[in-house]
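Let me begin by presenting the structure, written as structure tokens, before commenting on it.
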Amino acid sequence: MTTTASGIHPGSNYRDLASRHDGAPPGSSWGVFSEPDRGTANFAGPQQVREAAGLVRRGVVFGLDHALGAFDPPMSRSRSAPRHTIVSAHAQSRDDLLDGFFLQASSHLDGLRHRRVSGYGFYDGVPDDAVVEGEPRLGIQAWAEHPIVGRGVVLDLEGLFEADGAPLHHLDGPALDAAALDRAAARQGVTVEEGDIVLVHTGWARWFLDASAADRTAVREGRRSTGFAQHHDLLSWVWDHRIAVFGTDTFAVEVLPVAPTSPFRDTAPEDAGMMHQELIAKLGVPLGELWNLTALVEDSRTHGQWDAMVTIKPLAIVGGVGSPCNATAVR
């Protein structure tokens, strides 16, 4: 990890980042990390790996990916489920072929190429002509060659709101705020620590997969999804906690349609004010979407353990934009 000439360093708080006037975008961690292609995954270092390994006591393993074709029809209007074909060179052999394989159609990780900062460029100032197929800078392979491993912490927002007597109604696409993360942590008796892989459980992905065809059509056509309201508070929460990965079981991490109060409508006009530019292209946060947290949360509720060792190894696609998360939790 490094320090910029302006004094911005990994220990700076979000307020420091937001007041940058050194040519980097305000609110960005550009120039902070010596390995910028890893973004905030840098916070999950050797110490975090060793401590996470100590959480493995029962030998219980949880896969955090839904099937590649689970979301069919998909919530996204541009990412269809892949078509799987088994091919054979001769009677004793079988091979697989996937057609229309959108790497972000099911449980996935958004890489640092997924968004650029309007008016500035890709994360850490990487030029546009370097963000092409086969070129490594900011590619998803940075997290495949050196997988992200650390302490995963489940924050059960579904359980929080149910306990409050105000369960989440996913058909309506409710907006969440960063304060809910602190309330969930307090309710569960856990502390979010530097380098954690935060796993936010809302129940949305399971709801969508189990919903009636009419309800799925309604949210797809309305592009309506539960998620975090667009606000600087979430950016501050993620950065000031030194989160390595922010994974959720939601479609886009943030609420859709974009909240009318979004402060990013002028800075991210192409995204109608979404926070993806802020989280990915400015802060360098790997974002997990559509993760399968159901079994892990059930185990957490049963045993009262809300953390686990988590490993994330995306596909080793040089210059990839995103990938299935290939994530595993071990307790």
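The values are calculated or read from the model by the stated rules, or taken from the named source; none is laboratory data. Since the structure is predicted, the reported quantities are computational estimates derived from the model, not experimental observations. Cβ sites come from the backbone with ideal geometry, for glycine too, and all protein chains shown count toward neighbours. Quick note on the areas: whole protein, heavy atoms, side chains included, nothing else; ligands and nucleic acids left out. Shrake-Rupley method; radii C 1.70, N 1.55, O 1.52, S 1.80 Å.
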Mind checking which of Arg137, Arg83, Arg151 has the largest fluctuation in a GNM of the chain, springs on alpha carbons under 10 Å? Arg83
Whole Å is fine, so just give me how far the alpha carbon centre of the stretch 135-173 lies from that of the stretch 239-275. 13
Rounding to the nearest 20 debye, state how big the charge dipole of the chain is about its Cα centre with +1 on each Lys and Arg Cβ and -1 on each Asp and Glu Cβ. 340
Let me cross-check Arg113: its accessible surface, 1.4 Å probe, with only protein heavy atoms counted, in Å² to the nearest 10? 20
For the chain, give me the percentage of DSSP beta bridges that are antiparallel, rounded to the nearest 5 percent. 65
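Around Ala142, with a cut-off of 11 angstrom between Cβ atoms, what is the net charge of the other residues, counting Lys and Arg +1 and Asp and Glu -1? Intermediate results must be reported in sequence, preceding the final value.
On the way: positive: Arg38, Arg113, Arg137; negative: Glu35, Asp37, Glu145.
Overall, the nearby charge balance is 0.
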Estimated [θ] at 222 nm from DSSP helical runs (n ≥ 4, -39500 (n - 2.57)) normalised by residues in the chain, nearest 500: -5500 deg cm²/dmol
So, for the stretch 1-144, what is the accessible surface per residue at a probe of 1.4 Å, expressed in square angstrom? 50
Pick out which of Val60, Val192, Val253 has the largest mean-square fluctuation in a Gaussian network model of the chain, springs linking Cα atoms closer than 10 Å. Val60
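Rounded to a whole number, what % of the accessible area of the stretch 208-300 do carbon and sulfur atoms account for, probe 1.4 Å? Spell out each step's value before the answer.
Working: 1430 of 2850 Å².
With neighbouring chains kept in place, the figure for the stretch 208-300 is 50 percent.
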Just checking my list (i) 0.92; (ii) 0.97; (iii) 1.80 against Cα Rg over 2.2 N^0.38 Å computed from this structure; which label fits? (ii)
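Please report the carbon-and-sulfur percent of the accessible area for the stretch 54-193; probe 1.4 Å, protein heavy atoms only, DNA, RNA and ligands left out. Don't jump to the answer; show the numbers that get you there.
Values: 3470 of 6980 Å².
Result for the stretch 54-193: 50 percent of the exposed heavy-atom area is carbon or sulfur.
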Exactly which GluC sites (Glu not before Pro) in the stretch 118-204 are in a DSSP loop and have at most 12 other Cβ atoms within 10 Å? Glu133
Using a ≥ b ≥ c from the Cα gyration tensor of the stretch 182-331 (square roots of the eigenvalues), is it rounded, prolate or oblate, where a/c under 1.5 gives rounded and otherwise the larger of a/b and b/c decides, a/b for prolate? rounded
Using Cα springs under 10 Å in a Gaussian network model of the chain, which residue among Ala144, Ala218, Ala44 shows the largest mean-square fluctuation? Ala218
